[in-house]
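Heads up, the thing below is written out as structure tokens.
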């Protein structure tokens with residue numbers, strides 16, 4: 001019976017010491033010697049339809065709702081704080097007689113991103129706010145030679 005009391009006492013004492021040690025550690029003030037820093041990203045990002053940031057994507061969907069316009073085969077020659085430039089193909093659905101029955105056509109295009117500014121959802125990250133497409137030859141019906149669109153924030 002005495003051995004049982006001693007064993008219980010030792011177990012309770014060990015538990016109390018462990019609890020005290022854990023409480024002291026968790027109650028310690030946070031280390032403030034190195035405050036967190038919010039620095040700007042080295043280069044802006046392109047925000048896609050799923051709100052993911054990307055740099056130098058190979059493909060990019062322009063018409064997020066239905067996918068009827070997208071950029072493919074992008075080859076970036078520049079990606080910096082002022083602008084980004086690529087060549088690729090704009091694949092566009094003619095929606096004739098309606099979009100579900102339409103045909104996709106490919107048009108060579110030069111892509112320019114600019115207007116970098118801080119991204120509201122990600123402090124410290126700049127993102128491009130405008131995309132311009134330049135068609136050197138054929139282009140979709142109703143399109144100008146240069147088309148510019150705002151990008152989502």
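Beta carbons closer than 7 Å, at least 6 apart along the sequence or on distinct chains, pair a first residue in region 121-132 that is at positive phi with a second that is exposed (fewer than 14 other Cβ atoms within 10 Å of the Cβ) for 124/38; 124/39; 124/40.
Apart from one condition, residue 139 fits all of (1) assigned to a loop (DSSP other than H, G, I, E, B); (2) out of contact with any strand residue (DSSP E or B) (no Cβ under 6 Å at 6 or more places or on another chain); the exception is (2). With respect to the conditions (1) in a loop (DSSP other than H, G, I, E, B); (2) at pLDDT below 95; (3) out of contact with any strand residue (DSSP E or B) (no Cβ under 9 Å at 6 or more places or on another chain), residue 43 falls short on a single one, namely (3). Can you pull out the residues in region 92-103 that are surrounded by 13 or more Cβ atoms within 10 Å (Cβ to Cβ) and either outside the structural domain of residue 130 (by TED's automatic domain parsing) or not in a loop (DSSP other than H, G, I, E, B) (or both)? 92, 93, 99, listed by residue number. Mind checking which residues of region 93-135 are under 13 Å from the mean Cα position of the chain (by Cα) and farther than 16 Å from residue 152 by Cβ? 123, 124, listed by residue number.
Residue 72: in contact with a strand residue (DSSP E or B) (Cβ under 9 Å, 6 or more places away or on another chain), over 17 Å from residue 150 (Cα atoms) and assigned to a strand (DSSP E or B), yes or no? Criteria met by residue 72.
Every listed requirement among (1) at pLDDT 95 or above; (2) surrounded by 15 or more Cβ atoms within 10 Å (Cβ to Cβ); (3) within 23 Å of residue 150 (Cβ to Cβ) is met by residue 59 save one, (2).
The values are calculated or read from the model by the stated rules, or taken from the named source; none is laboratory data. All of these numbers come straight from a predicted model, not from anything done at the bench. Every residue, glycine among them, receives a Cβ derived from its backbone with ideal geometry; neighbour counts consider all protein chains shown.
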